[in-house]
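S.K.: Below: one structure in structure tokens.
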């Protein structure tokens, strides 16, 4: 794609498909080919493409008042903050709006500084974003090393290792940041109860617990937030991706003492929480609730895991709801991703042995069966 190469920096590489339209879970390329989109903008388009509720809400809002600075209030912003507060079940929750997951995690990092402590604990293979603070908390050397020196006093513990928590989290720790499921690492799930153990240890030493729900939040795993599956209460929740229903929107939610640390002038974002993006978010939440999508997502996830695990060449199927990682015996995930593209299905290979899917929450049973049948056919041919 020479036009891309002549105009766009090479940080994404050069794509082979140019998408020009979409409706629901289907997208169309510039050659007129249609694809089943099982990546949804990397867990972002929770209602798929061009959903009528989002189109209506955004069209109405952009024609009325598209953007104002955060010097002023707007009803959408207030309603969305109140809605997120209710989702947490904690009236102490206070919301800071931004535009992306990296920004949300940067805000969490700044909040942690205001505790007076400096040490941060994250986890091996974690991913929290590519801006310098978020990157400093990302436990992947391939992403970190080219940009050193990074922010100091950040350590990484083995993900899922309860024994490491007491040694690695101390009274000098300001914040522990963790993903309930490590999406970018290949949809890695910790042992049951691990989040509870992290919560217990942070409470013991007075450290903040930040749960990065950028990829897992907004219903993707079958609950509004994945941490709710373990019935804990974090101090900070970071959100983005699905929050905006396809528009740029992130949030950092502080609970308890973490809700009180940012003061006037200590942080901000020009575009964070615009009337237009928050209109899209409110529309998406209304549809998810009104159509009972959380229960449907949970059921489809169970089906994907059980049926996917029976396919030839599959070692393991991980994840929850519609965030699924299919671990292969062979390191040929990229080739299988390309074969699925030929079958007109879009997925992602975050590492050499894993196929990741994160389709829209409106995905139906027939979409899932088409994916499973196509993947099964490819795997049987390659066996």
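The values are calculated or read from the model by the stated rules, or taken from the named source; none is laboratory data. Since the model is a prediction, treat every value here as computed from it, not as a measurement. No Cβ is skipped: glycine too gets one built from the backbone with ideal geometry, and neighbour counts run over all protein chains shown.
S.K.: Cβ-Cβ distance below 6 Å, separation of 6 or more or different chains: which pairs start in the stretch 236-256 with a residue that is at pLDDT 95 or above and end on one that is assigned to a strand (DSSP E or B) and surrounded by fewer than 24 Cβ atoms within 10 Å (Cβ to Cβ)?
M.R.: 251/95; 253/95; 254/94
S.K.: Restricting to the stretch 20-39, name every residue that is surrounded by 15 or more Cβ atoms within 10 Å (Cβ to Cβ) and part of a strand (DSSP E or B).
M.R.: Those that are surrounded by 15 or more Cβ atoms within 10 Å (Cβ to Cβ) and part of a strand (DSSP E or B): 22, 24, 26, 27, 28, 29, 35, 36, 37.
S.K.: Does residue 335 satisfy being surrounded by fewer than 19 Cβ atoms within 10 Å (Cβ to Cβ), outside the structural domain of residue 215 (by TED's automatic domain parsing) and within 12 Å of residue 38 (Cα to Cα)?
M.R.: No.
S.K.: To continue, here is another question. For the stretch 297-316, state whether one or more residues are free of Cβ contacts under 8 Å to residues at least 24 places away in the same chain, over 19 Å from residue 364 (Cα atoms), assigned to a strand (DSSP E or B) and in the same structural domain as residue 31 (by TED's automatic domain parsing).
M.R.: Yes, the stretch 297-316 contains at least one residue that is free of Cβ contacts under 8 Å to residues at least 24 places away in the same chain, over 19 Å from residue 364 (Cα atoms), assigned to a strand (DSSP E or B) and in the same structural domain as residue 31 (by TED's automatic domain parsing).
S.K.: Shifting gears a bit: Does residue 170 qualify as being surrounded by fewer than 21 Cβ atoms within 10 Å (Cβ to Cβ) and part of a loop (DSSP other than H, G, I, E, B)?
M.R.: Answer is yes for this residue.
S.K.: With respect to residue 111, is the statement that it is part of a helix (DSSP H, G or I), surrounded by 13 or more Cβ atoms within 10 Å (Cβ to Cβ) and either assigned by TED's automatic domain parsing to the domain that holds residue 320 or in contact with a strand residue (DSSP E or B) (Cβ under 7 Å, 6 or more places away or on another chain) (or both) true?
M.R.: Spelling it out, residue 111 is indeed part of a helix (DSSP H, G or I), surrounded by 13 or more Cβ atoms within 10 Å (Cβ to Cβ) and either assigned by TED's automatic domain parsing to the domain that holds residue 320 or in contact with a strand residue (DSSP E or B) (Cβ under 7 Å, 6 or more places away or on another chain) (or both).
S.K.: For the stretch 235-247, which residues satisfy the criterion of being touching a helix residue (DSSP H, G or I) at 6+ places or on another chain (Cβ under 6 Å) and part of a loop (DSSP other than H, G, I, E, B)?
M.R.: 235, 240 - these are the residues of the stretch 235-247 that are touching a helix residue (DSSP H, G or I) at 6+ places or on another chain (Cβ under 6 Å) and part of a loop (DSSP other than H, G, I, E, B).
S.K.: With the requirement that a residue be closer than 20 Å to residue 292 by Cβ and buried (at least 22 other Cβ atoms within 10 Å of the Cβ), what does the stretch 225-243 give you? Working first, answer last.
M.R.: Step one: of the stretch 225-243, the residues closer than 20 Å to residue 292 by Cβ are 225-226, 228-229, 242-243.
The answer is 225, 226, 242, 243.
S.K.: Looking at residue 17, is it in the same structural domain as residue 212 (by TED's automatic domain parsing), at negative phi and in contact with a helix residue (DSSP H, G or I) (Cβ under 9 Å, 6 or more places away or on another chain)?
M.R.: Criteria not met by residue 17.
S.K.: When the residues of the stretch 350-377 are filtered to those that are touching a strand residue (DSSP E or B) at 6+ places or on another chain (Cβ under 6 Å) and assigned to a strand (DSSP E or B), which remaining residue is nearest to residue 43 (Cα to Cα)?
M.R.: Filtering the stretch 350-377 for residues that are touching a strand residue (DSSP E or B) at 6+ places or on another chain (Cβ under 6 Å) and assigned to a strand (DSSP E or B), the one nearest to residue 43 (Cα to Cα) comes out as 357.
S.K.: Let me ask something else. Mind telling me which of the residues 217, 273 ends up being on the phi > 0 side of the Ramachandran plot and either assigned to a helix (DSSP H, G or I) or at pLDDT 95 or above (or both)?
M.R.: Only one candidate passes the filter, namely 273.
S.K.: Being surrounded by 22 or more Cβ atoms within 10 Å (Cβ to Cβ) and out of contact with any helix residue (DSSP H, G or I) (no Cβ under 9 Å at 6 or more places or on another chain), is that true of even one residue in the stretch 83-92?
M.R.: no
S.K.: Within the stretch 73-108, track down each residue that is part of a helix (DSSP H, G or I) and over 26 Å from residue 57 (Cβ atoms).
M.R.: 105, 106, 108
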